[in-house]
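Right, one structure below, let's go through it.
The values are calculated or read from the model by the stated rules, or taken from the named source; none is laboratory data. Given the structure is predicted, the values throughout are model-derived calculations rather than measurements. Backbone-built Cβ (ideal geometry, glycine too); neighbour counts: all protein chains shown.
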Amino acid sequence: MRQVLSVISLLLAAVLGASALAGFQINQLLRDEEPIREIAGDLPQQDAFSEILAETLLTRMETELPSAITSLLGDQADSAVDSLVASMLDNEEIDPAWDETLQGTRADYTSQLETMFDQGTTGDASDLDLAVDLSPMAEAMTGPLREGLDSALGWLPFVDTSSFEFLAPEVVVDIEATTQEGADPYTWALLAEVSQHWLVIAVIAGVLVIVGLLLGPGRSRWVALTLGALLAAALGVWIALTVASPEFGQLPDESTQALVTHVQERFTEWAQPAWWVFSGAAGAAVVVGLLGSVAARSSRHVTKPSATV
């Protein structure tokens with residue numbers, strides 16, 4: 001019976017150990033500033049991102065451009081705006097604005113998941129969609145444009161320069177967090193809630209390791225340790241090759257695909273190393289278990305009384 005309990009304890013410790021690491025990373029993504037900054041903080045330096053955002057803002061501007069300015073510039077309206085796109089993309093205020101967008105989105109999405117955990121969900125995967133407020137980016141990117149228009153047209157008596165504020169509109173983009181059919185929003189909310197207790201889970205895993213080793217009689221404890229460590233190593237490798245290195249699939253738009261690939265690579269660079277370390281530590285425990293088992297077996301043979309002649 002002690003042998004069985006020892007094996008069960010160490011197998012549970014392996015599962016809880018992997019759960020603790022997963023919870024730690026989820027908690028970091030949701031509640032710490034640095035991980036999301038490390039993963040997506042340099043997107044404004046990517047040409048594809050800047051082009052997509054600039055195109056979005058320009059489209060919005062064209063629909064709201066005051067008729068007085070359009071009439072004044074005539075056929076030169078488009079070229080006048082396009083000539084300022086370069087200054088929109090080369091602006092020292094963009095990086096702080098993007099960080100504000102990232103951190104705001106992270107905090108809002110965490111609150112969204114916590115609300116779903118407390119109040120429940122509709123069960124529709126759309127509950128997991130997140131709203132990305134690009135307004136700080138719009139304000140930063142169009143700053144040079146607004147200053148340029150103010151300088152070029154502000155002297156005209158019929159032009160109200162305060163009307164240029166429409167060029168820094170509120171821009172909120174809804175993004176699907178998952179495209180998996182049948183994704184359960186409450187599972188996501190539950191994971192977000194449980195992730196806050198990753199340290200407690202890790203402590204329980206450690207206690208189970210000690211209990212498992214103490215319960216196992218003789219060589220059995222080392223066999224149990226080997227089995228538990230093998231399970232932990234397998235879980236670590238599996239998560240490192242799947243969840244920690246996701247494949248977001250192919251998109252028809254090349255610019256969007258380039259951004260998705262960039263985020264995918266950065267996420268893997270951030271998440272995967274911890275799982276390789278976890279798997280390596282589990283592998284070392286496997287070796288310890290095997291050596292302990294061999295040593296216990298040898299000791300048993302040595303201490304066994306020899307037969308009398």
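Residues are listed down the side, and each one gets a yes or a no for (1) within 30 Å of Pro44 (Cβ to Cβ); (2) outside the structural domain of Ile8 (by TED's automatic domain parsing); (3) modelled with pLDDT under 90; (4) in a loop (DSSP other than H, G, I, E, B):
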site	(1), (2), (3), (4)
Thr226	no, no, no, no
Ala240	yes, no, no, no
Ala244	yes, no, no, yes
Val260	yes, no, yes, no
Glu265	yes, no, no, no
Glu269	yes, no, no, no
Ala282	no, no, no, no
Val286	no, no, no, no
Ala307	no, yes, yes, yes
So Gln112 ticks every box in (1) at pLDDT 75 or above; (2) in contact with a helix residue (DSSP H, G or I) (Cβ under 8 Å, 6 or more places away or on another chain); (3) within 20 Å of Ile26 (Cβ to Cβ) but one. Which box is left unticked?
(2)
Pairs under 9 Å by beta carbon, first residue over 15 Å from Ile239 (Cβ atoms) in the range 269-289, partner surrounded by fewer than 16 Cβ atoms within 10 Å (Cβ to Cβ) and not hydroxyl-bearing (Ser, Thr, Tyr), six or more apart or different chains?
Glu269/Glu38
Being at pLDDT 70 or above and not in a helix (DSSP H, G or I) is the filter here; which residues of the range 30-77 pass it?
Asp32, Gly41, Asp42, Gln46
